[in-house]
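The values are calculated or read from the model by the stated rules, or taken from the named source; none is laboratory data. Everything numeric here is computed off the predicted structure, so don't read it as measured data. Neighbour counts run over all protein chains shown; Cβ positions are idealised from the backbone, glycine included.
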């Protein structure tokens, strides 16, 4: 049974994963190359817990107690105490390979190494380690405390024991599991990202305004938000990265990223996190 969990990366996804792990009784070690980001993550987790409490959600423990289960790990070597480490770094293949090589060195050999990647091959990530049977994809949805799905991706070498342990953990977190085979984009982004990219093409080709594209999809297909609003929420750099994984992985032109999306990323218009994307935002 996993009791201590390492989280590598304290951005939006990493802090969300740390939140749900701590809330369900796990001891958490949170590491990031940015010390400021670590403290920002702890502040964000406390604010989100307070928001849940105000809504009458049973947290299972006091906010201070939950926050007390999260410790900052100054170095990845601290993950030697963990039965599971979840990597939640930027969606960049070379970076993930580098991180998993390091994790393979600093963690005990029976530890499970999971990636929160939303599109990159788990088999390829596992291949840079000496324990491919204990490497798995554990793709949480954003925002993690709210969204109920965890997409679990088995690499070609992932063992049944590893899969069972991660599935049991997801259930303890109160999440539902969707199991995907290890192909580019898995389930969610294989369907979602081409839809978003097609919405960008519709804007690029002048079919309609961003507002009308989002209105059409929101009201016409009963989605909670339109695809361009969602792209801004995800981050246009992340959307483009996943587009490229799909395009490179399948070599099919239907996955080519829209030139407008490429230009917006080059311009630094990345969505909510920087204050400008398909829409303008007062605060990043």
Filter the range 48-71 down to the residues that are in contact (Cβ under 8 Å) with a residue 24 or more places away in the chain and more than 25 Å from residue 118 (Cα to Cα) and list them by number.
49, 52, 59, 60, 61, 66, 67, 69, 71
Conditions first: (1) within 25 Å of residue 189 (Cβ to Cβ); (2) without any contact (Cβ under 8 Å) to a residue 40 or more places away in the chain; (3) surrounded by 13 or more Cβ atoms within 10 Å (Cβ to Cβ); (4) out of contact with any helix residue (DSSP H, G or I) (no Cβ under 8 Å at 6 or more places or on another chain). Residue 94 passes all but one, so which condition is the exception?
(3)
I need the full set of residues from the range 155-194 which are in contact with a helix residue (DSSP H, G or I) (Cβ under 6 Å, 6 or more places away or on another chain) and at negative phi, in order please.
155, 156, 157, 159, 162, 173, 177, 182, 184, 189, 193
Could you tell me how many of the residues in the range 121-133 are in contact with a helix residue (DSSP H, G or I) (Cβ under 6 Å, 6 or more places away or on another chain) and buried (at least 24 other Cβ atoms within 10 Å of the Cβ)?
2
Give 114, 157, 170 a once-over and let me know the one that is farther than 30 Å from residue 258 by Cβ and part of a helix (DSSP H, G or I).
170
Positions within the range 74-96 being under 22 Å from residue 141 (Cα atoms), in a helix (DSSP H, G or I) and modelled with pLDDT under 95, in sequence order
93
Out of all the residues in the range 201-218, is one or more under 20 Å from the mean Cα position of the chain (by Cα), on the phi < 0 side of the Ramachandran plot and surrounded by 13 or more Cβ atoms within 10 Å (Cβ to Cβ)?
no
Test for residue 238: is it more than 18 Å from residue 91 (Cβ to Cβ) and either surrounded by 18 or more Cβ atoms within 10 Å (Cβ to Cβ) or in contact (Cβ under 8 Å) with a residue 60 or more places away in the chain (or both):
no
For the structure I just gave you, tell me whether residue 245 is out of contact with any strand residue (DSSP E or B) (no Cβ under 6 Å at 6 or more places or on another chain), at pLDDT 95 or above, under 27 Å from residue 135 (Cα atoms) and buried (at least 19 other Cβ atoms within 10 Å of the Cβ).
no
Which residue, of 231, 202, is modelled with pLDDT of 95 or more, out of contact with any strand residue (DSSP E or B) (no Cβ under 6 Å at 6 or more places or on another chain), in a helix (DSSP H, G or I) and under 22 Å from residue 117 (Cα atoms)?
231
Counting only residues that are free of Cβ contacts under 8 Å to residues at least 40 places away in the same chain and in contact with a strand residue (DSSP E or B) (Cβ under 7 Å, 6 or more places away or on another chain), which one in the range 11-44 is surrounded by the fewest Cβ atoms within 10 Å (Cβ to Cβ)?
42
